[in-house]
Amino acid sequence: MENQTIGISNTINEIIPFAVIGTDGREKVNDTDVMPYRAISFISLTFENEGSGTCTGTVVARDLILTNAHCLDNEDNGNAVSSTVYPAVYDSHYSYGAWQMEEAYIPRGWSENRDIKYDYAVIKVEPLGDLHVGEITGTLGMTDQNLNSETVSVYGYPGDLMAEDGQISQWGMSSSVYDWNQNMVYYTLDTNNGQSGSPVLNTNNEVVGVHRGSWVDADREPIYNGGPKANDELITFVLTIAP
């Protein structure tokens, strides 16, 4: 596909809490043409209150992007009425298409109860003619695994570093899991707004979670970041949508 450019204006919008813990360890991804970065996508959103925002998502099936539910349905902005997904953006350039949201799928645990363990969602995007996003970029698999002593990575499109850099690009880092249970995974990886929905990847570049945000202590100091774990319920939710 032709290399095209997107602008950074109106893309920096806080959606949920986030944290850089200690020294910022995030590094810029310089080659988004290779996996897993090719499947990690910048998501631009417009809401029913006419507000806008950005998130990160992952191509996990032919037409499906895995992200956070709060990216599509939150109390500040309401529901997303339109969304464009740009895989593998580097310095505001994208070569793998701009894909429009056809439908959003949100679990009831989020839409009805705002339960953070259900803060995941799927964007189904429209094909571009006979082309499907997952066939262009490839897809990342999901796995429900024991995360004891596991090293994980979180890569996405953080608003703070994109604002400093003046370009839309992927940033991220790796570290060991801080804690986990069957529903959630926690880590001290640095993140910022815009990285909501980023994949939490194991060393095989499989999705083991969906980054959500940060948890703080009584003094509002960040303890760790985290998000829903890729458990059987999350994986089944996605696969039920996939053709």
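Per the conditions (1) in a loop (DSSP other than H, G, I, E, B); (2) over 18 Å from the mean Cα position of the chain (by Cα), the sole criterion not satisfied by residue 179 is (1). One residue alone among 96, 90, 120 is of a type in the set (Phe, Trp, Tyr) and surrounded by fewer than 22 Cβ atoms within 10 Å (Cβ to Cβ), and that residue is 90. Here residue 86 meets each of (1) assigned to a strand (DSSP E or B); (2) within 30 Å of residue 178 (Cβ to Cβ) with one exception, condition (2).
For residue 38, the conditions (1) outside any strand (DSSP E or B); (2) out of contact with any Gly (no Cβ under 7 Å at 6 or more places or on another chain); (3) of a type outside the set (Gly, Ala, Ser); (4) under 25 Å from residue 208 (Cα atoms) are fulfilled apart from (2). For residue 155, state whether it is among the hydroxyl-bearing types (Ser, Thr, Tyr) and modelled with pLDDT of 95 or more. Considered against the rule, which asks whether it is among the hydroxyl-bearing types (Ser, Thr, Tyr) and modelled with pLDDT of 95 or more, residue 155 comes out as yes.
Between 216, 238, 208, 185, the distinction of being β-branched (Val, Ile, Thr), closer than 25 Å to residue 72 by Cβ and modelled with pLDDT under 90 belongs to 216 only. The single condition among (1) exposed (fewer than 15 other Cβ atoms within 10 Å of the Cβ); (2) among the hydroxyl-bearing types (Ser, Thr, Tyr); (3) free of Cβ contacts under 8 Å to residues at least 24 places away in the same chain that residue 176 does not meet is (3). Annotation note: of 148, 113, 49, 79, the sole residue that is surrounded by fewer than 19 Cβ atoms within 10 Å (Cβ to Cβ) and assigned to a strand (DSSP E or B) is 79. Of 54, 139, all but one fail to be assigned to a loop (DSSP other than H, G, I, E, B), of a type in the set (Val, Ile, Thr) and at negative phi; the exception is 139.
When you scan segment 57-71, do you find a residue that is surrounded by 18 or more Cβ atoms within 10 Å (Cβ to Cβ) and hydroxyl-bearing (Ser, Thr, Tyr), even just one?
Within segment 57-71, one or more residues are surrounded by 18 or more Cβ atoms within 10 Å (Cβ to Cβ) and hydroxyl-bearing (Ser, Thr, Tyr).
The residues in segment 206-243 that are of a type in the set (Gly, Ala, Ser) and either over 16 Å from residue 179 (Cβ atoms) or not in a strand (DSSP E or B) (or both) can be counted, and the count is 3.
Residue-wise test of (1) in contact (Cβ under 8 Å) with a residue 40 or more places away in the chain; (2) in contact with a Lys or Arg (Cβ under 9 Å, 6 or more places away or on another chain); (3) more than 13 Å from residue 225 (Cβ to Cβ); (4) surrounded by fewer than 18 Cβ atoms within 10 Å (Cβ to Cβ).
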residue: 133; (1), (2), (3), (4): yes, yes, yes, no
residue: 140; (1), (2), (3), (4): yes, no, yes, no
residue: 169; (1), (2), (3), (4): yes, yes, yes, no
residue: 172; (1), (2), (3), (4): yes, yes, no, no
residue: 186; (1), (2), (3), (4): yes, no, no, no
residue: 200; (1), (2), (3), (4): yes, yes, no, no
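The values are calculated or read from the model by the stated rules, or taken from the named source; none is laboratory data. Here the structure is a predicted model, which means the values were calculated and not measured. Note that we place each Cβ from the backbone using ideal geometry, even for glycine, and neighbour counts take in every protein chain shown.
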